[in-house]
1. What helices (runs of 4 or more DSSP H) completely inside the range 153-243 contain at least 1 residues that are buried (at least 18 other Cβ atoms within 10 Å of the Cβ), modelled with pLDDT of 85 or more and within 22 Å of the chain's Cα centre (by Cα)?
2. Test of understanding: among Leu12, Leu39, Leu86, Leu60, which residue is crowded, with 18+ Cβ neighbours inside 10 Å and under 25 Å from Leu210 (Cβ atoms)?
3. Which residue, of Ala128, Ala116, Ala53, Ala101, is open to solvent by 50 Å² or more (accessible area, probe 1.4 Å), in a helix (DSSP H, G or I), at pLDDT below 90 and of a type outside the set (S, T, N, Q)?
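The values are calculated or read from the model by the stated rules, or taken from the named source; none is laboratory data. Quick caveat: nothing in here was measured; it's all calculated off a predicted structure. When we count neighbours, we look across all protein chains shown, and the Cβ atoms used for this are built from the backbone with ideal geometry, even at glycine. The area values use the complete protein model at the heavy-atom level, side chains included, leaving out ligands, DNA and RNA. Shrake-Rupley method; radii C 1.70, N 1.55, O 1.52, S 1.80 Å.
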Amino acid sequence: CATLCGCGFTLLMPVMALNLESMTGSGVIVGLNGAAAALSTIIATPFIPRLMAHVNGRTLIITSLVLTGLTVPLFPLFPVVWLWFLLRFAMGFAITIVFVASETWINQIAPPEKRATILGLYATALAAGMGTGGLLLAAFGSTGWAPWIVAFFLFAGGSIPIMLLRGPGIERPDHESSSVGAMIRAAGYAPAAIGAGLLFGATETIFFALFPVYGERIGLIDSSIGFMMAAGALGGIALQAPL
């Protein structure tokens, strides 16, 4: 699921950026559109633990993936800048649920003595998906319906392992541990890790959302930009196991 979602995520970010660049010619609009997705994550995340306390985890992830997939075709159907902000915001909500729930799930089921290895495998799968998303951009380009259709099937396909593969489900958090206050206290336990996550999110957005626009402006074609996206993921693939 992580591989397919990473693939769809990394395909869509440059496709959206390049299309917005074509529609507006404004790097500011491209950056703000990426920020809309980040804003939805900031708003949604405090409420996800409470949602997980009331809804079955598998059902929650599957529903979020299907909603993400259904949102994808709306972008090429309605090429209106302000509407793309709303769609990006809504998609950010759904994909945030997927990432928070799946990472919670992995942390719960990983034995303490193997947690680093299992999280490394998860991160490797996610990075491999991100690299493949760049290769798909190189193969299908950023114009026309092809990249959007591919992204739709990637997110829809991400729900298949969750539906078919059996194993322990996500343990529902209790009322206290699913509160916003519990999240704030948890952040206080590991401020350095939280800061590292903030830095990673900023650099990832800069690379996947704004580098394609820069690449196009200096004359790179879509295939070259896609290979650059894939190259950016190689470090993540190579370093997880040694770490």
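1. Filter on the range 153-243 gives 211-217, 222-239.
2. The match here is Leu12.
3. The conditions single out Ala116.
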